[in-house]
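Single-structure report; data block below.
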Amino acid sequence: MKKVLVIADTSRVVGRQMLSGAQRYISAFAHWQVHTRPPEYLHGPKRKIFNLDLLNFDGLFICDAPNISQVLAVNIPKVVHNSHNENVPGASLIITDSDKIGKMVADYYISLGFRNFVYCGFNNLFWSDKRFASFSAYLLEKGLSNIFEYRSGQSSSQIDERASMAKWLKNLPKPLCVFACNDDCAIYVLEACKAVSINVPEEVAVIGVDNDELVCNLSSPPLSSVLLNFENTGFEAAKHLDQLMSGDRKTRILLVQPLEIIKRQSTDILATDNKEVISALVYIRNNFHKQIQVTDVVAATNLSRRELEYRFKQFLRKTIKAEINRLRTDYIKKKLLNSNESVKTIAHGLSFSDTEHFCRYFKGLVGLSPLKFRKMRRLN
């Protein structure tokens, strides 16, 4: 039986979900004797890992735990999620796919019609830098260059930090949207907006990352956030550690994929003053589950098809058909990943007359059949 030391910050949603996935693997497939480190308040931040001989363990599973430099130096199989360092020699690393996260948020804000974009991140965190790089590069690729950046950690206290951010946000052009590097940073932004009476989401829309449901639902207003696949990554990480302890010495990077944006009040806004475009978007959102065509959307406005298509490209950087397809595919993906509904039932929910047509439609947009998409995303 393998002896494994698990060190994780279970006060955070990341650690809890990662361990939940690991526990699923351990219960079903592994023969491990799991040891855990007592919480900080029981042994103090500067004490060694309760005087354990780390070489007595066969493997280490580490998730965002503080004060672990001595552990990382031990030459035994280990899987590590470390927010402060993406280079841990001799370890397999769990890293969020910040490139996809940045693009997902940028695309979402573009679909809401925003023209002014803000990124708020933390200093000296590699994943925060990567998310800004992806977010800004995607916007520039789409011809949107009004991008602003704020780095938290520039002031000596949280009070000074909030005042500095509030003053900065107050002077930016509105309406604007904020991509905060995680939910903690997003809460900073919401508090800064309150300090100077900026209305969220009417003047400033805010989105975070991690989707800590307690944090997001308690915030005022409730915070939209990117849901990451920590639980399945925890499962795969435990499986990989099992392989490492069985003699496979090839380390690897396990990427945590973004699943979807959980939409709450902080982004419940359409950032365009073009009434015809808003009418079209509202119609699409209320009717995308039906077999609507572009002509139906045009009929909900007072414009010709040519003029409405022009305004969609001008304000949203996409066609009317692309917006219909985006909402439909988002709906399908959510059903495939978060429910056990059959493909036939999901197809019926979008008013497709036959499953074969539905599968061709989805594969044409996503590149995979519905069943293959479900299987691959759940495995990954």
Seminar exercise, completed: Largest-first semi-axes in Å of the equivalent ellipsoid built from the Cα gyration tensor of the chain are 41, 28, 15
For this session: Could you check the simple spin-label distance between His348 and His31, using points 7 Å along Cα→Cβ, in nm with one decimal?
Result: 4.7 nm
For this session: Pull up the cross-link candidates among the lysines for Lys3, meaning alpha carbon to alpha carbon under 22 Å and not fewer than 8 places away within one chain.
Result: Lys48, Lys78, Lys239, Lys250
Seminar exercise, completed: Here the residues of the range 182-209 lying in the modelled label zone of Ala163, meaning backbone nitrogen under 19 Å from a point 7 Å along Cα-to-Cβ, are 188-198
Problem set entry | Estimated FRET transfer efficiency when R0 is 30 angstrom, pair Met1-Ile253 (beta carbons, to 0.05) | 0.60
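Would you kindly calculate the translational diffusion coefficient of the range 275-379, applying Stokes-Einstein with the Kirkwood radius from alpha carbon pairs, for 37 °C and a viscosity of 0.692 mPa s, and quote it in µm² s⁻¹ without decimals? Intermediate results must be reported in sequence, preceding the final value.
On the way: Rh = 14.6 Å.
Approximately 225 µm²/s, per Stokes-Einstein.
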Exercise. Lysines near Lys194 by alpha-carbon distance under 17 Å, same-chain residues fewer than 8 away left out - which ones?
Worked result: Lys167, Lys170, Lys174
Problem set entry | Pairwise FRET efficiency - Asn123 versus Asp268, Cβ, R0 = 30 Å, nearest 0.05 | 0.45
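Let me spell out the model: positive unit charges on the Cβ of Lys and Arg, negative unit charges on the Cβ of Asp and Glu, origin at the Cα centre of the chain. What dipole size does that give, in debye rounded to 20? Could the numbers behind the result be given before it?
Working: 51 positive and 38 negative charges, 183 e Å.
In total the dipole reaches around 880 debye.
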Exercise. Could you name the lysines in cross-link range of Lys130, using Cα to Cα under 21 Å and dropping any fewer than eight places away on the same chain?
Worked result: Lys100, Lys103, Lys142
Seminar exercise, completed: Projected onto the charge dipole of the chain (unit charges on the beta-carbon of Lys, Arg, Asp and Glu, signs +1, +1, -1, -1), the Cα from Gly21, Ser369, Val204 with the largest positive-side position is that of Ser369
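A short reminder: the numbers here are calculations on the coordinates, not readings from a lab. Here the structure is a predicted model, which means the values were calculated and not measured. So basically every Cβ, Gly included, is an ideal-geometry build from the backbone, and we count neighbours across all protein chains shown.
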